[in-house]
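Worksheet: the structure to be examined is printed underneath.
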Amino acid sequence: MTPFTRRVIHILKQIPAGKVMTYGQVAKAARSPRAARQVVRILHSMSKKHHLPWHRVINAKGQIVIKDDEERMEQKWLLDLEGVEISLSGYVNLEKYQFHYDIQTDENEFDQYSNKD
DNA sequence: ACGTTGACGACCA
DNA sequence: GTGGTCGCCAACG
């Protein structure tokens, strides 16, 4: 469990129902702007254990991109339950449903570990 | 230590 | 809108 992984998990848990974040956005919030693919890896390996809202993470185009058919269906179903509209072609309107994570809040919560003046 | 692996993202055709 | 290339980088074997 690296600090990066810990931050990603911390962030994911803050996405409210009915909202979504993109992989890149989560990576950026975790202070590694180009580590979107690592977010993917974390979702793969730790969603169950840490009860992560994995279905609330989609790609930068607002598209549902899970490869596995069953999981993709489940994701659409879960988002639908939360009131997130999905187009027939599998797109979510980011303008409407994207969760704008406040990185300041995150930094404050980690102040206890850092010694900034 | 090194090559591979991704539910990515930006860019271009 | 769709599909391909290329760069990215932490985790894994």
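Within region A:56-74, the set of residues being in contact (Cβ under 8 Å) with a residue 40 or more places away in the chain and either among the hydroxyl-bearing types (Ser, Thr, Tyr) or near DNA strand B (Cβ under 8 Å from one of its atoms) (or both) comprises just one member, A:Val57.
For A:Gln14, the criteria (1) part of a helix (DSSP H, G or I); (2) of a type outside the set (Gly, Ala, Ser); (3) under 14 Å from the mean Cα position of the chain (by Cα) hold in every case but one, which is (1). If the condition is being part of a helix (DSSP H, G or I) and either touching a residue at least 12 places away in the same chain (Cβ under 8 Å) or surrounded by 19 or more Cβ atoms within 10 Å (Cβ to Cβ) (or both), then region A:28-49 contributes A:Lys28, A:Ala29, A:Ala36, A:Arg37, A:Gln38, A:Val39, A:Val40, A:Ile42, A:Leu43, A:Met46.
Among the residues of region A:1-55, write down those that are more than 25 Å from A:Glu95 (Cα to Cα) and within 9 Å of DNA strand B (Cβ to nearest atom). Correct list: A:Arg41, A:His44, A:Ser47.
Against the numbered list (1) of a type outside the set (A, V, I, L, M, F, W, C); (2) at pLDDT 90 or above; (3) within 9 Å of DNA strand C (Cβ to nearest atom); (4) in a helix (DSSP H, G or I), A:Gln25 comes up short only at (3).
Has region A:50-60 got at least one residue that is part of a strand (DSSP E or B) and over 14 Å from the mean Cα position of the chain (by Cα)? No, region A:50-60 has no match at all.
The values are calculated or read from the model by the stated rules, or taken from the named source; none is laboratory data. Values in this document were obtained by computation on a predicted structure and should not be read as measured data. Note that we place each Cβ from the backbone using ideal geometry, even for glycine, and neighbour counts take in every protein chain shown.
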